[in-house]
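The next block holds one structure in the form of structure tokens; read it before the comments.
The values are calculated or read from the model by the stated rules, or taken from the named source; none is laboratory data. In this text, all values refer to a predicted model and were calculated from it rather than measured experimentally. Heads up, the Cβs are rebuilt from the backbone with ideal geometry, glycines too, and the neighbour counts pull from every protein chain shown. Side chains are part of the model used for accessible areas, which takes the heavy atoms of the whole protein and leaves out ligands, DNA and RNA. Shrake-Rupley method; radii C 1.70, N 1.55, O 1.52, S 1.80 Å.
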Amino acid sequence: MPTATVNGVQLAYRDEGAGRPLLLIHAFPLNSAIWERQIGPLARHYRVIAPDLRGFGASQIGPGAASMDQYADDLAGLLDQLGPGARRVALGGLSMGGYIAFAFLRRYRERVDALILADTRAQADTEEGRQTREQSARLAEEQGPGAIADQMLPKLLSPHASDELRTEVRRMIETNHRAGIAAALRAMAARPDSTPLLATIDVPTTIIVGAEDSLTPPSDARAMHDAISASRLVEIARAGHLSNLEAPDPFNAAIHALLTGEIAWGGGGGSSW
Ligand code: MLT
């Protein structure tokens with residue numbers, strides 16, 4: 001994977017295909033490998049850029065605490081290095097990637113021309129949620145990514161996922177640094193409420209959710225759809241939180257429909273994927 005030094009930290013990223021740029025932000029506690037089933041088909045039509053966030057995959061962790069703003073600044077700095085063709089992007093984030101997409105919109109709105117919010121939510125954590133994050137951060141620091149995989153795997157995939165996919169996701173989690181995982185947990189706990197941002201989003205937006213997502217359920221996706229006027233909601237049957245891995249075909253079709261403008265805003269519609 002190529003690397004770029006951004007904000008003093010070496011970030012690894014995937015950059016495949018040509019044409020309209022699509023920046024995909026991975027979920028927690030994973031890395032850009034979650035996008036492999038998207039990059040293959042979508043890079044035939046678009047330039048797909050998928051970084052490992054600082055502290056994940058092959059990227060360095062860097063000094064100090066992480067934050068959604070810091071991750072967003074890293075993405076903007078990476079795009080700066082990828083040339084004028086990557087200045088303005090279609091931005092997609094899954095779960096924590098969605099939280100980072102909200103931070104990116106707050107800071108670099110003019111650089112986003114379409115938005116994909118997948119298996120994510122706009123609300124901040126509750127106080128109880130913050131305490132659980134801190135316990136998980138300590139677990140990651142003391143016992144490493146395997147303990148986080150044990151804790152999270154049942155929530156990431158639906159009962160329909162294959163054993164092979166479960167093993168693949170566990171391996172992805174286990175390649176991460178324990179400090180990077182802990183930093184992201186604390187960063188998610190500190191993230192602001194993005195609900196007020198939703199009504200201001202005026203770029204074409206597709207919200208995707210696995211019908212069996214128990215971490216960020218369809219009710220969260222519907223709330224975002226109701227608040228973002230230029231949005232379409234795609235609910236994918238028999239898929240859990242990592243809907244892009246469990247159901248790549250409908251997930252990719254939803255992105256393709258957004259980027260080709262083949263959908264009737266607010267009313268759904270088909271795609272020619
Ligand atoms: C994720 O998939 O990125 C995380 O589960 C999000 C979260 O824990 O809030």
Discussion item. How large is the accessible surface of residue 152 in square angstrom, using a 1.4 angstrom probe and rounding to the nearest 10?
Written reply: 20 Å²
Response to the item:
Quick calc: nm separation of the 7 Å Cα→Cβ label points for residue 110 and residue 160 -> 4.4 nm
Worksheet entry | Additional length obtainable on full extension of the chain from residue 80 to residue 195, 0.36 nm per residue less Cα span | 38.6 nm
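Given 0.36 nm per residue, what is the gain on full extension from residue 87 to residue 123 after removing their alpha carbon distance, in nm? All intermediate terms of the calculation are to be shown ahead of the outcome.
Values: separation 36, 0.36 × 36 = 12.96 nm, distance 2.83 nm.
Residue separation times 0.36 nm, minus the Cα-Cα distance, leaves 10.1 nm.
Based on the Cα coordinates of the stretch 166-211, what is the per residue volume of their convex hull in Å³?
Values: hull volume 6.7 nm³, N = 46.
Convex hull volume per residue, Cα atoms: 145 Å³.
Evaluate the Kirkwood expression for the hydrodynamic radius of the stretch 15-143, namely the inverse of the mean inverse distance over all pairs of different C-alpha atoms, and round to one decimal in Å.
Details: mean 1/r = 0.0653 Å⁻¹.
Kirkwood hydrodynamic radius for the stretch 15-143: 15.3 Å.
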Worksheet entry | Beta bridges by DSSP in the stretch 1-160, antiparallel share as percent, to the nearest 5 | 40 percent
Worksheet entry | the stretch 1-51: C-alpha pair distances exceeding 18 Å, % | 30 percent
Worksheet item: Of the listed peptides 111-120, 192-201, 4-13, what is their order by residue-averaged count of other C-beta atoms within 10 Å, with the highest listed first?
Response: 111-120, 4-13, 192-201
Practice prompt. Determine the principal axes of the Cα atoms in the stretch 118-230, then give the extent along each, sorted from largest to smallest and rounded to whole angstroms.
Written response: 43, 32, 23
Discussion item. Per residue, how large is the accessible surface of the chain? Use a 1.4 angstrom probe and give square angstrom.
Written reply: 38 Å²
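Counting only protein heavy atoms and a 1.4 Å probe, tell me what percentage of the chain's accessible area is made up of carbon and sulfur. Before the final figure, lay out the partial values.
Details: 5150 of 10470 Å².
Ligands and nucleic acids excluded, carbon and sulfur give 49 percent.
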Worksheet entry | Over the stretch 50-102, equivalent-ellipsoid semi-axes from the Cα gyration tensor in Å | 18, 14, 10
Practice prompt. Compute log10 of I(q)/I(0) for the chain with the Debye formula, placing one identical point scatterer on every Cα and leaving out solvent, at q = 0.07, 0.14, 0.16 Å⁻¹, to two decimals.
Written response: -0.21, -0.93, -1.28
Worksheet item: Mind checking which of 85, 144, 57 has the largest fluctuation in a GNM of the chain, springs on alpha carbons under 10 Å?
Response: 85
